[in-house]
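Reading through the structure tokens given below for one structure.
The values are calculated or read from the model by the stated rules, or taken from the named source; none is laboratory data. These figures come from a predicted structure and were not determined experimentally. Using ideal geometry, Cβ is built from the backbone for each residue, glycine included, and neighbour counts are taken over all protein chains shown.
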Amino acid sequence: MASVNLYKKFGKTETSKNRDGGYKNILLFAPVSTFTSIKVPTLSAALGDTKKIVVAHTFPADEGFMSLLSKLHSVTTKSTTVGDEGAQRLQHEFEGVILGDSALHLEQLEAQLNDNSIWLVKDQDCLNTDNYVQFGDECLTPNIKLEFTGNTTKEGLKEYKITGTVIGKKFFYTATVTEKP
Amino acid sequence: MEPFFKNPETEAKYESVFMKDKDITIPGQYSGKLSAISPEIAQKLIDMEDNQVKAKAATSGAVKPAGKDIKADAPPADGK
């Protein structure tokens with residue numbers, strides 16, 4: 001009789017995938033309202049399929065993902081378990097540090113606090129075909145927190161730290177990423 | 001009119017829907033301007049349901065790819 005569960009053995013092949021730590025020093029985001037279509041994982045019986053998006057999110061002519069250049073090595077992600085025992089879920093978090101401070105920084109980043117956007121981070125391995133991690137989807141987008149540090153004249157640079165958290169909605173996005181012109 | 005795609009082979013087979021150049025990335029395969037894609041990348045975009053490129057209508061016996069291609073740009077029934 002065929003197995004009734006999806007679990008499988010993890011050997012060298014499975015544990016060597018996407019192993020090198022870290023991400024490219026950019027954060028990408030697009031407000032949900034700007035998409036023409038937001039794709040979702042296709043339903044399938046294969047392990048991992050519910051976490052993969054393989055068809056492209058699309059935009060009208062003048063829209064696309066916007067990238068925020070971040071401090072080198074500052075972009076990272078982590079996931080923690082939340083909820084009562086027996087009712088637990090994964091909460092996913094990403095963060096990056098944007099350098100500088102200006103009216104433009106403040107207005108754009110402050111607007112993010114309560115906006116509904118889908119966010120992407122890019123794996124540091126550019127040859128990897130699974131190399132975007134998507135946080136959020138059409139129905140649930142990450143909650144964004146912002147922290148500004150002005151530093152002192154003997155410390156570092158002025159910087160905004162962006163942190164996004166979302167429960168459950170982490171996907172591996174392998175289709176086209178189109179940037180806003 | 002200037003061709004949109006820099007690669008003549010891409011220009012011969014495909015057309016830009018928006019005629020708007022953008023930076024695109026297909027993980028592990030291509031990163032750069034939409035206007036600089038090869039025919040292979042153009043086909044990949046179509047295969048992954050991207051809306052920026054479509055195959056040109058068949059002219060010299062080429063087979064048009066199957067798929068939805070319905071546009072509501074037919075003239076109104078009353079001819080106005």
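For the stretch B:1-17, give me each residue that is in a helix (DSSP H, G or I) and in contact with a Lys or Arg (Cβ under 8 Å, 6 or more places away or on another chain). Of everything in the stretch B:1-17, those that are in a helix (DSSP H, G or I) and in contact with a Lys or Arg (Cβ under 8 Å, 6 or more places away or on another chain) turn out to be B:Ala12, B:Lys13.
Tell me which of these A:Glu110 doesn't satisfy, since it passes every other one: (1) within 12 Å of the chain's Cα centre (by Cα); (2) modelled with pLDDT of 95 or more. Unmet for A:Glu110, out of (1) within 12 Å of the chain's Cα centre (by Cα); (2) modelled with pLDDT of 95 or more: (1). For the stretch A:90-109, name all the residues that are out of contact with any strand residue (DSSP E or B) (no Cβ under 6 Å at 6 or more places or on another chain) and closer than 24 Å to A:Phe59 by Cβ. Within the stretch A:90-109, A:Leu104, A:Glu107, A:Gln108 meet the criteria. Once the stretch A:170-181 is narrowed to residues that are in contact with an Asp or Glu (Cβ under 7 Å, 6 or more places away or on another chain) and of a type in the set (Val, Ile, Thr), the residue that is farthest from B:Val17 (Cα to Cα) is A:Thr174. Inspect all residues belonging to the stretch A:100-120 and state whether any of them is out of contact with any His (no Cβ under 8 Å at 6 or more places or on another chain), of a type in the set (S, T, N, Q) and within 26 Å of B:Gly28 (Cβ to Cβ). Within the stretch A:100-120, one or more residues are out of contact with any His (no Cβ under 8 Å at 6 or more places or on another chain), of a type in the set (S, T, N, Q) and within 26 Å of B:Gly28 (Cβ to Cβ). Checking each residue in the stretch A:39-65 for being surrounded by 16 or more Cβ atoms within 10 Å (Cβ to Cβ) and under 26 Å from A:Ile162 (Cβ atoms) picks out A:Lys39, A:Pro41, A:Lys52, A:Ile53, A:Ala56, A:His57, A:Thr58, A:Phe59, A:Glu63, A:Gly64, A:Phe65.
Quick grid of which residues meet (1) more than 14 Å from every other protein chain (Cβ to nearest Cβ); (2) acidic (Asp, Glu); (3) in contact with a Gly (Cβ under 7 Å, 6 or more places away or on another chain):
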residue	(1), (2), (3)
B:Thr10	yes, no, no
B:Ser16	no, no, no
B:Asp21	no, yes, no
B:Ser31	no, no, no
B:Asp50	no, yes, no
B:Val53	no, no, no
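Restricting the search to strands (runs of 3 or more DSSP E) fully inside the stretch A:1-88 and requiring at least 2 residues that are within 14 Å of another protein chain (Cβ to nearest Cβ) and under 17 Å from the mean Cα position of the chain (by Cα) gives A:23-31, A:66-69. The set of residues in the stretch A:126-169 being in a loop (DSSP other than H, G, I, E, B), touching an Asp or Glu at 6+ places or on another chain (Cβ under 8 Å) and within 14 Å of another protein chain (Cβ to nearest Cβ) consists of A:Asp130, A:Asn131.
Filtering the stretch A:137-177 to residues that are touching a helix residue (DSSP H, G or I) at 6+ places or on another chain (Cβ under 8 Å) and within 21 Å of B:Met48 (Cα to Cα) leaves A:Glu138, A:Lys170, A:Phe171, A:Phe172, A:Thr176. The residues of the stretch A:1-20 that are closer than 18 Å to A:Asp49 by Cβ and of a type in the set (S, T, N, Q), listed by number, are A:Ser3, A:Asn5, A:Thr13, A:Asn18.
Could you identify the single residue in A:Leu157, A:Leu90, A:Leu140, A:Leu68 that is in contact (Cβ under 8 Å) with a residue 24 or more places away in the chain and under 13 Å from A:Leu27 (Cβ atoms)?
A:Leu68
Taking the criterion of being surrounded by 15 or more Cβ atoms within 10 Å (Cβ to Cβ) and among the β-branched types (Val, Ile, Thr), would at least one residue in the stretch A:130-143 satisfy it? Yes, that holds for at least one residue. So is A:Val32 surrounded by 15 or more Cβ atoms within 10 Å (Cβ to Cβ) and among the aliphatic types (A, V, I, L, M) or not? Yes; evaluated as a whole, the condition is true for this residue.
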